[in-house]
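Below is one structure, written out as structure tokens; the observations come after it.
The values are calculated or read from the model by the stated rules, or taken from the named source; none is laboratory data. Bear in mind the structure is a predicted one, so any value in this text is a computation, not a measurement. Here Cβ is always computed from backbone atoms with ideal geometry, including for glycine, and neighbour counts include all displayed protein chains. When the accessible area is computed, the model is the full protein with side chains, heavy atoms only, and any ligands, DNA or RNA have been set aside. Shrake-Rupley method; radii C 1.70, N 1.55, O 1.52, S 1.80 Å.
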Amino acid sequence: MDLMASGPDRSFLWRRLHSLSGIFPVGVFLLEHLYTNLYAVNGPEAYNEKVQGLTSLPAVLALEILFIYIPLAYHGLYGLWIWWRGDGNITEYPWQGNWLYTLQRWTGIVTMIYIGFHAWEQRFSGAHVITHYYVAFSKVQHSIARPAVHVFYVVGLLAACFHFAYGVWLFACKWGFTPGRQAQRKLFWASMALFAALSGAGLASLRSFGTEPLQRTPEELIRER
């Protein structure tokens, strides 16, 4: 039974808003985050300075709530609702589209868990990077020093990159930017190239955190200051 059956059907509007939010601001946040993390390739100081620039923005917490956390919550929760009501039909009709549909939904769930864990551990728990920006590199290092967490970061990173890249294709199709099968096919392969590029950038930065000499813990760095 449709929960909206008793009133005007606004599901079209909510789905369009869900699709749009995956590009802006959620997708933009992912791109910015991957770009910031790439500074780790240049070493701890470069990464910490980049984090300092971001965390010193006026009303940074309010900006995060308005443009990151609320849109993420809407996109994730409404995405779960769509997933719960969706029919992939993989076993009955094992077509490429059904497999991609299912992969998109599952990577969305993995991404939600990954972002939640990452935001809590790096942004809110332990040493605070807003008041102690110089511990940012150390926080990531000591987090991924645990093998299970490192593997989880790799899986979460790949899931987030795929979910966004394929989401770009879905967004273009839903909003009518790619009329015709040929245009959709070309954009699909472009989105897969985007997935490869974003994944490569993310894995490169993650590798930099792991290959740099292990810094002292954030707490030790704060005490030294």
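A few comments on the model shown:
- Helices (runs of 4 or more DSSP H) contained entirely in region 92-183, each with at least 2 residues that are in contact with a helix residue (DSSP H, G or I) (Cβ under 8 Å, 6 or more places away or on another chain), open to solvent by less than 40 Å² (accessible area, probe 1.4 Å) and within 22 Å of residue 20 (Cβ to Cβ): 96-119, 147-174
- Screening region 47-71 for residues that are farther than 22 Å from residue 205 by Cβ and under 19 Å from the mean Cα position of the chain (by Cα) and picking the one that is surrounded by the most Cβ atoms within 10 Å (Cβ to Cβ) gives 71.
- The listed residues are 101, 114, 133, and the only one of them that is aromatic (Phe, Trp, Tyr) and modelled with pLDDT under 85 turns out to be 101.
- Subset of region 211-221 [part of a helix (DSSP H, G or I) and open to solvent by 50 Å² or more (accessible area, probe 1.4 Å)]: 211, 219, 220
- All of 199, 205, 191 fail the test of being in contact with a Cys (Cβ under 7 Å, 6 or more places away or on another chain) and of a type in the set (S, T, N, Q), apart from 199.
- Scanning region 50-87 for residues that are closer than 28 Å to residue 39 by Cα and of a type in the set (D, E, K, R) gives 50, 64.
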